[in-house]
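Working notes, structure below.
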Amino acid sequence: MVDPAFLLVSGLVVATSILAIESRQLVYGAVNLALMFLAVAGMFILLDAPFIAMFQIFVNVGAVAILVLFTVMLVSTERWARVPRGREFWAALGTSGLTVLALVSIVARTGLADVPPPPAAPTVGPEIGVVMLGNYGVALVLLGILLAASVIGAVALAKVEKG
């Protein structure tokens with residue numbers, strides 16, 4: 001019997017890869033490429049290989065897909081993002097506020113704010129990996145997502161139309 005989780009993740013891989021290829025705008029293609037890389041990381045998690053899954057997220061999503069996205073956004077001359085006006089601005093502000101409240105409540109309820117003190121500084125490479133992915137893995141992933149979102153927002157706000 002085939003695992004339903006495998007069917008779901010493999011369907012996500014196939015769907016997002018098709019969307020990445022068939023997208024008319026490059027920005028949406030790059031976003032779908034990043035989602036496809038995340039789905040492949042989900043396959044590694046199903047294979048009980050969390051280190052390879054984290055490596056997939058850090059390298060392919062964090063480096064390759066974001067680099068492609070930044071390149072497309074900075075080089076593209078088409079207008080892919082509009083400055084919100086009127087009700088759209090307040091809707092975006094409310095949505096971002098609710099997102100911040102949700103993240104703060106998640107951190108408060110799960111105890112992510114109570115990070116244990118760092119152990120003695122490890123000197124061996126595998127020990128550093130165990131400490132980073134063991135004690136601080138969730139915080140490291142959240143920090144990477146926050147950094148990527150802030151850089152994308154900054155580039156979107158700084159983009160100037162020529163003409």
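Brief remarks follow.
- Sequence ranges 97-108, 53-64, ranked by mean other-Cβ count within 10 angstrom, highest first: 53-64, 97-108
- Couplings 3J(HN,Hα) of the stretch 55-67, computed from phi: 4, 4, 5, 5, 7, 6, 6, x, 10, 5, 5, 5, 5 Hz, in residue order, whole Hz [Karplus 6.51 cos²θ - 1.76 cosθ + 1.60, θ = phi - 60°; x for Gly and Pro].
- HN-Hα J in Hz across the stretch 96-103 - Karplus 6.51, -1.76, 1.60, θ = phi - 60°, x for Gly and Pro: 5, x, 5, 5, 5, 4, 5, 5
- The stretch 1-61 - percent relative contact order, Cα under 8 Å, separation 6 or more: 31 percent
All of the numbers you see were taken from the coordinates with simple rules; none came from a lab. Please read all numbers here as calculations on a predicted model, not as lab measurements. Here Cβ is always computed from backbone atoms with ideal geometry, including for glycine, and neighbour counts include all displayed protein chains.
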